[in-house]
Amino acid sequence: VERVHTLRAASLALETAPPDLLVVDTRCLRFNGLRFCEALSAGENHIPILLIIPEDQKRPHYPGVTVLRGTPTARKLLNRVKRLLSPPGNHLLKVGELTLDLQRRVVVRKGEEHRLTPRQARLLEVFMRHPGRVLTRAFLMKEVWETDYLDDTRTLEVHVHWLRKAIEDDPRHPQFLATVRKVGYCFHVPHSPGVRPQPDASQEVAHRQTR
């Protein structure tokens, strides 16, 4: 572990021996830690960054930057460092800017974590494994609740509501989880060129409904 307090020392350390993880505690620096993280996240070094900010400071959203507010305990700090240093495994599902940890049932977006219930995590997993596809309520009830009962789908609607609160900037105007009227839901991946909607999704849904 190497500690630095000035921008010059930090820049020199990054050039000579790039770290596996960078912890930026803005409360202890002699330079603007937010601008420093913003510049690093926009670069090409891809070093994981753990940013610590005062409790009353607005949370910034930088790619690849995990944010902690206030004064974290030693255990909380070490647990977060351990997760950031752990290599990705089969328990991590990443689509666009969303990462779902299936073991911990935590979804991460823009460095912000949201803990999910087992059903919420399973429902989000189904959506993330079918990006761009219209999924019927019958399909979702079968996959998540293992039932063909469709007389009451309020449970599904409530779970979608809570997922939107976890992953959307504005749950009332969702970008990820769109409602397809009288059919079901579609999980979109905004600004993610690697994933495109399947052109035959609507035909597949219609086919399932007529069967």
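For the reader, a short list of remarks on this structure follows.
- Inter-label distance for Thr99 and Lys182, nm, one decimal - labels placed 7 Å from Cα along Cα-to-Cβ: 4.2 nm
- Net charge dipole, the chain: roughly 360 debye, given to the nearest 20, about the Cα centre with Cβ charges of +1 for Lys and Arg and -1 for Asp and Glu.
- Beta-bridge orientation, segment 1-110: approximately 45 percent antiparallel, per DSSP, counting only bridges with both partners inside.
- Reachable aspartates and glutamates, given that their alpha-carbon falls under 19 Å from the alpha-carbon of Lys165 and they are not under 8 places away in the same chain: Glu97, Asp101, Glu112, Glu113, Glu125, Glu157
- For segment 3-93, applying the loop criterion from DSSP together with a ceiling of 16 other beta carbons within 10 Å to the GluC sites (Glu not before Pro) yields Glu44, Glu55.
- Among the GluC sites (Glu not before Pro) in segment 113-187, those located in a DSSP loop and surrounded by at most 13 other Cβ atoms within 10 Å of their own Cβ are Glu146.
- When the Gaussian network model of the chain links Cα atoms closer than 10 Å, the mean-square fluctuations of Thr153, Thr66, Thr16 top out at Thr16.
- Taking Gly64, Gly111, Gly43 as the candidate residues, the one with maximal mean-square fluctuation in a Gaussian network model of the chain, Cα springs under 10 Å, is Gly43.
- In Å², nearest 10: area of Asp169 left accessible to a 1.4 Å probe: 100 Å²
- Contour minus Cα-Cα distance for Asp170 and Thr6 (0.36 nm per residue): 55.3 nm
- Remark on Val23: its backbone amide H falls under 5 Å from those of Leu50, a criterion applied only to residues 5 or more positions apart or on other chains, H modelled at 1.01 Å from N.
- Taken one residue at a time, the phi angles of segment 64-73 give Karplus couplings (6.51, -1.76, 1.60, θ = phi - 60°) of x, 10, 9, 10, 10, 9, x, 10, x, 5 Hz. Gly and Pro are set to x.
- Flagged links, alpha-carbon separation over 22 Å, of Lys76/Lys110; Lys58/Lys94; Lys82/Lys110: Lys58/Lys94
- Counting only lysines at least 8 places from Lys182 when in the same chain, those with an alpha carbon closer than 19 Å to its own are Lys142.
The values are calculated or read from the model by the stated rules, or taken from the named source; none is laboratory data. This is a predicted model, so every value here is computed, not measured. When we count neighbours, we look across all protein chains shown, and the Cβ atoms used for this are built from the backbone with ideal geometry, even at glycine. The protein model used for the area step is the full one, side chains on, heavy atoms only, and it has no ligands, DNA or RNA in it. Shrake-Rupley method; radii C 1.70, N 1.55, O 1.52, S 1.80 Å.
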